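A.B. asks: This is the structure I have questions about; it appears just below.
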Amino acid sequence: MTDQRYHMGYHPFSCEFYIEVVDVEKPEFTKPKPLRACQGKEVGVGEGEQCGGKMITATFNKKTKTNDYPSVSDVSNDCCGPMSCSDFPGSNGMFKWCAPQV
């Protein structure tokens, strides 16, 4: 960095400086709790998995690197354990997932 002010014009000098940034909030990152999976003889899908709505499926073609034969199908699965099939926020019923009963 060179000071270009008029009074420094005859003898400009370079300056180096370091900036230290301190985060005053000191955020704490926590690991999310594990999702509930089906136990033992329970039948259905676990927490966070799709249980209803629509699903798009396609076959990936490695040669052309495109998705071939896309299709939309209905999904209808039961949730295992104490969970219910709920609308995913913002999906307007197009995607439902297993979530703990509130």
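The values are calculated or read from the model by the stated rules, or taken from the named source; none is laboratory data. Since the model is a prediction, treat every value here as computed from it, not as a measurement. For neighbour counting, all protein chains shown are included, and Cβ atoms are generated from backbone atoms with ideal geometry for every residue, glycine included. With ligands, DNA and RNA removed, areas are computed over all heavy atoms of the protein, side chains included. Shrake-Rupley method; radii C 1.70, N 1.55, O 1.52, S 1.80 Å.
A.B. asks: Check the range 37-44 and report whether any residue there is of a type in the set (Val, Ile, Thr) and either touching a Phe, Trp or Tyr at 6+ places or on another chain (Cβ under 8 Å) or free of Cβ contacts under 8 Å to residues at least 40 places away in the same chain (or both).
C.D. replies: Checked against the condition, which is being of a type in the set (Val, Ile, Thr) and either touching a Phe, Trp or Tyr at 6+ places or on another chain (Cβ under 8 Å) or free of Cβ contacts under 8 Å to residues at least 40 places away in the same chain (or both), the range 37-44 yields at least one hit.
A.B. asks: Does ALA99 fit the bill of being part of a loop (DSSP other than H, G, I, E, B) and open to solvent by less than 70 Å² (accessible area, probe 1.4 Å)?
C.D. replies: No, not satisfied.
A.B. asks: Considering only residues that are in a strand (DSSP E or B) and either among the hydroxyl-bearing types (Ser, Thr, Tyr) or open to solvent by 40 Å² or more (accessible area, probe 1.4 Å) (or both), which ones fall in the range 69-92?
C.D. replies: Answer for the range 69-92, where residues must be in a strand (DSSP E or B) and either among the hydroxyl-bearing types (Ser, Thr, Tyr) or open to solvent by 40 Å² or more (accessible area, probe 1.4 Å) (or both): TYR69, PRO70, SER71, VAL72, SER73, ASP74, SER76, SER84, CYS85, SER86, ASP87.
A.B. asks: Just the residues that are in contact with a Lys or Arg (Cβ under 7 Å, 6 or more places away or on another chain), among the small types (Gly, Ala, Ser) and either more than 23 Å from LYS41 (Cα to Cα) or at pLDDT 90 or above (or both), please, taken from the range 74-102.
C.D. replies: Correct list: SER86 only.
A.B. asks: Got a number for residues in the range 1-58 being at pLDDT below 85, open to solvent by less than 90 Å² (accessible area, probe 1.4 Å) and not in a loop (DSSP other than H, G, I, E, B)?
C.D. replies: Residues that pass the stated criteria total 2.
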